[in-house]
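For reference, the structure discussed in these notes is given below.
The values are calculated or read from the model by the stated rules, or taken from the named source; none is laboratory data. Since the model is a prediction, treat every value here as computed from it, not as a measurement. Glycine gets a Cβ as well: all are built from the backbone with ideal geometry, and neighbour counts include every protein chain shown. Note: accessible area is taken over every heavy atom of the protein model, side chains too, but ligands, DNA and RNA are not part of it. Shrake-Rupley method; radii C 1.70, N 1.55, O 1.52, S 1.80 Å.
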Amino acid sequence: MKSEMKNGALVVFPEGRIDSTNASAVECEIEAIRAANPAEELILDLDALEYISSAGLRVVLRLRKETAALKLINASSEVYEIFDMTGFTEMVTVEKAYRKFSVEGCEVIGRGSNGMVYRLDADTIIKVYFDADALPDIQRERELARKAFVLGIPTAIPYDVARVGDSYGSVFELLNAKSFAELIVAEPENKDKYIEMDVDLLKKIHATEVKPGDMPNMKEVTLKWAESLRGHLPEKDYEKLTALIVAVPENYHMMHGDYHVKNVMMQNGEVLLIDMDTLCYGDPVFEFASIFLAYLGFAELDHEVTQKFLGIDYSLATEIWDKTLRLYFGTEDETVLRANADKAKIIGYTRLMRRTIRRIGSDDPEGKAIIENCRAKLAELLGRVDTLCFETC
């Protein structure tokens, strides 16, 4: 049998069948592997196991008695049913194998900070995480989506976890659903209607109160972004930036955290929110910072980025940003709109600068250009903005 050490645990890979003809030999081989590879945790990866009889179950039972931490993973439906029917799932951790998908040739619906979203077919989409060890992130997103749904936010809740190559993905059923980005491009005559629906959902999210601790506090997250820029900004700009964030009043209303027309879907006339791993709470200024980045900030130096990211051109993204501000704040007053946009941009450039330093670095020409642009924009904005609280009419 193959075996490996992974994160301090010994992983053994039984294959084929374990029955009365070979159970004793299998047990001896596992014991030999354990003797050569001492570990507190033993994992049996059953991905290649086709069948296990009562003789094989007795081997597992003896391993359980000898091993403080025993786990069985990747059991097929047939093998899992044997463990379940015999009560083993109540004595030892047994995890079913994940379904396997390929996203080769699939339409890319969206890209976020943690993964890519693909359409598998007319009924199904899958979010594939960049991190190969993303199971905790997947569980966290499922829990956040569930909380949002319970609070009345129309959202798609993942119903399955699957393997995609070496990564994991969350599977959603979205029957014939299309993103607002797709709809706006396909139906330009209905553009204003979709933007209005988009803003209505945004207002509904921001009107939803959450319990502290149920979701991340975006003010705390943003302050950490700003603090990471110490030494990258002039000291006076750094001090004012952090002071402005600290002064933002506590707000216990929900935010999506990555709100844009790729993450809002239409399914049979119903609006649904997807990509819930960024769900949090806080002041709307933090939400509008991410909206600004999605439509304009990420593509400020390269307008093609918007087309790649959202599937719309930069001029249309600019129009959506402008109309979103007008509809959300309910005003045509350019002074108010510009002032509120500037407040959001301060947070947006803070996030973008920190993100670029971490992901690209200042030695790379592209990274250097983005960092210098953020630094210049922040210097200009911080010179004339004295509060991050939105103005109202």
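Exactly one residue among 185, 171 is hydrophobic (A, V, I, L, M, F, W, C), surrounded by 14 or more Cβ atoms within 10 Å (Cβ to Cβ) and outside any helix (DSSP H, G or I), and that residue is 171.
For beta carbons closer than 7 Å, sequence separation of 6+ or different chains, a first residue in the range 317-331 that is more than 16 Å from residue 193 (Cβ to Cβ) and a second that is buried (at least 16 other Cβ atoms within 10 Å of the Cβ) and at pLDDT below 95, the qualifying pairs are 317/306; 317/310. Filtering the range 116-135 down to residues that are touching a residue at least 60 places away in the same chain (Cβ under 8 Å) and either touching a Gly at 6+ places or on another chain (Cβ under 8 Å) or assigned to a helix (DSSP H, G or I) (or both), which residue is nearest to residue 165 (Cα to Cα)? Among those that are touching a residue at least 60 places away in the same chain (Cβ under 8 Å) and either touching a Gly at 6+ places or on another chain (Cβ under 8 Å) or assigned to a helix (DSSP H, G or I) (or both), it is 127.
Out of 268, 263, one residue alone is polar (S, T, N, Q), crowded, with 23+ Cβ neighbours inside 10 Å and modelled with pLDDT under 95. It is 263.
Which count do you get for residues in the range 231-260 that are open to solvent by 40 Å² or more (accessible area, probe 1.4 Å) and over 30 Å from residue 312 (Cβ atoms)? Count: 13.
Among the residues of the range 306-335, the ones that are open to solvent by less than 70 Å² (accessible area, probe 1.4 Å), polar (S, T, N, Q) and closer than 26 Å to residue 117 by Cβ come to 3 in all. Here's a check for you: in the range 215-230, which residue that is assigned to a loop (DSSP other than H, G, I, E, B) and either in contact with a Phe, Trp or Tyr (Cβ under 8 Å, 6 or more places away or on another chain) or among the aromatic types (Phe, Trp, Tyr) (or both) is most open to solvent (accessible area, probe 1.4 Å)? Here the residue is 216. Can you name the condition, by its number, that residue 23 falls short on among (1) of a type outside the set (Val, Ile, Thr); (2) under 24 Å from residue 163 (Cβ atoms); (3) surrounded by 15 or more Cβ atoms within 10 Å (Cβ to Cβ)? Condition (2) is where residue 23 drops out.
Within the range 112-123, the residues that satisfy the criterion of being open to solvent by 20 Å² or more (accessible area, probe 1.4 Å) and either out of contact with any strand residue (DSSP E or B) (no Cβ under 7 Å at 6 or more places or on another chain) or at pLDDT 80 or above (or both) are 113, 116, 118, 119, 120, 121, 122, 123.
The residue that is modelled with the highest pLDDT, counting only those in the range 140-160 that are closer than 17 Å to residue 126 by Cα and outside any helix (DSSP H, G or I), is 155. Flag: residue 179 matches the condition of being buried (at least 17 other Cβ atoms within 10 Å of the Cβ) and either of a type in the set (S, T, N, Q) or more than 27 Å from residue 269 (Cβ to Cβ) (or both). If you go through the range 63-88 and keep only what is charged (D, E, K, R) and closer than 26 Å to residue 32 by Cβ, you end up with 64, 65, 66, 71. The criterion of at least 2 residues that are in contact with a helix residue (DSSP H, G or I) (Cβ under 6 Å, 6 or more places away or on another chain) and closer than 30 Å to residue 188 by Cα is met by the following helices (runs of 4 or more DSSP H) wholly inside the range 311-386: 314-329, 334-359. Out of 360, 291, 370, 346, one residue alone is open to solvent by less than 10 Å² (accessible area, probe 1.4 Å) and either over 21 Å from residue 264 (Cα atoms) or more than 27 Å from the chain's Cα centre (by Cα) (or both). It is 346. Of all the listed residues (36, 55, 48), the sole one being surrounded by fewer than 20 Cβ atoms within 10 Å (Cβ to Cβ) and without any contact (Cβ under 8 Å) to a residue 12 or more places away in the chain is 36. The requirement of being open to solvent by less than 10 Å² (accessible area, probe 1.4 Å), assigned to a helix (DSSP H, G or I) and under 25 Å from residue 180 (Cα atoms) is satisfied by residue 285.
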